[in-house]
Every structure is written in structure tokens, then in C-alpha cells.
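Note sheet for the following structure.
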Amino acid sequence: MDIIKIIAIGFTSAVTYSLLKENKPEIAYLALLAGSVIVFMIVIDMLVKIVSTINGLAQKTGLNISIIASILKIIGIGYLTEFAAGICEDMGAKSMSDKVLFGGKVIIMFLSLPIIVALIELIIAILP
């Protein structure tokens with residue numbers, strides 16, 4: 001099971017970090033970064049399958065593919081932003097973590113504008 005691998009990598013990275021942070025902090029941070037990259041590599045295949053499945057469903061149902069693509073981008077940016085912010089925070093850069101989260105939120109809002117506009121135009125078209 002992949003979750004067991006992810007938990008094991010997380011615990012191993014955290015324990016390695018804890019053991020090394022006093023004497024070798026630069027290596028300790030690399031252990032966290034390496035663990036994060038390994039976890040990301042484990043889940044990337046699942047993410048690709050999710051996107052492929054959603055795209056297949058969108059094509060079968062005739063939904064507007066550009067809206068589905070925007071929603072998938074928004075979800076992906078949310079996950080990546082949270083992941084990157086967590087790494088920044090682990091490294092002791094809480095301020096940078098906050099900036100990464102803010103940047104991700106602004107990008108998500110920007111990408112959601114066409115969806116919001118389309119929704120408002122649909123509502124206006126329905127109203128008498």
C-alpha cells in the first residue's frame with residue numbers, strides 16, 4: 001500500500017531530521033527535502049491517473065473541457081502550494097511559507113475568474 005510507504009518515508013525523514021538538526025543542520029534539511037521529493041514522486045503517478053480519468057469523463061459527458069482543465073489546474077496549484085509551503089516551514093522559513101501560500105491563493109483566484117464570469121453570465125441569461 002502506498003500510504004504505508006508514504007508514512008514510513010515521512011517518519012524516516014522526520015527522525016533523521018531530528019537526529020541531525022543539532023550537529024549537521026544542513027544535512028538535516030536535505031533529509032526533509034529528500035523525503036518530500038520521494039513522497040511527491042510516489043503520488044505523482046496517482047495524480048496523473050486522476051487527471052486522465054476526469055478528462056475522460058468530461059469528454060464522455062460533453063462538458064466544456066476548458067472549465068475542467070481550469071478546475072484541475074486550480075486543484076493542482078493548491079496541492080503544490082501547500083506542499084512547497086510545508087517544505088519552507090520545515091526549513092524554518094515561516095515567512096516565506098506564508099508568501100508561497102499567498103501567491104498560490106492569488107493564482108487560484110486568477111485562474112478561477114473565467115469560471116466565475118461564465119457562471120455569472122449563465123445566471124444572467126437565465127434571469128428574465
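The values are calculated or read from the model by the stated rules, or taken from the named source; none is laboratory data. Everything numeric in this text was worked out from a predicted model, so none of it was measured. When we count neighbours, we look across all protein chains shown, and the Cβ atoms used for this are built from the backbone with ideal geometry, even at glycine.
Of (1) more than 15 Å from the chain's Cα centre (by Cα); (2) within 28 Å of V117 (Cβ to Cβ); (3) modelled with pLDDT under 85, G92 satisfies all except one. Which?
All conditions pass for G92, except number (2).
Just need a number here: residues in region 90-119 that are out of contact with any Leu (no Cβ under 8 Å at 6 or more places or on another chain), assigned to a helix (DSSP H, G or I) and under 24 Å from G10 (Cα atoms).
Adding up the residues that qualify gives 7.
Take S18 and tell me if it is of a type in the set (S, T, Y), surrounded by 11 or more Cβ atoms within 10 Å (Cβ to Cβ) and free of Cβ contacts under 8 Å to residues at least 12 places away in the same chain.
In short, yes.
Between L63, L80, L127, L113, which is under 14 Å from the mean Cα position of the chain (by Cα), at negative phi and either exposed (fewer than 15 other Cβ atoms within 10 Å of the Cβ) or without any contact (Cβ under 8 Å) to a residue 40 or more places away in the chain (or both)?
L80
Report whether or not I54 is surrounded by 14 or more Cβ atoms within 10 Å (Cβ to Cβ), within 30 Å of L119 (Cα to Cα) and not assigned by TED's automatic domain parsing to the domain that holds I115.
Here the answer is yes, as I54 does meet what is asked.
Any residue at all in region 69-83 that is in the same structural domain as M109 (by TED's automatic domain parsing) and either of a type in the set (S, T, N, Q) or over 30 Å from L113 (Cα atoms) (or both)?
Yes, region 69-83 contains at least one residue that is in the same structural domain as M109 (by TED's automatic domain parsing) and either of a type in the set (S, T, N, Q) or over 30 Å from L113 (Cα atoms) (or both).
What about K21, is it touching a helix residue (DSSP H, G or I) at 6+ places or on another chain (Cβ under 7 Å), among the basic types (K, R) and closer than 17 Å to G92 by Cβ?
Judged against the criteria, K21 is a match.
Quick one: would you say D45 is in contact (Cβ under 8 Å) with a residue 24 or more places away in the chain and surrounded by fewer than 14 Cβ atoms within 10 Å (Cβ to Cβ)?
no
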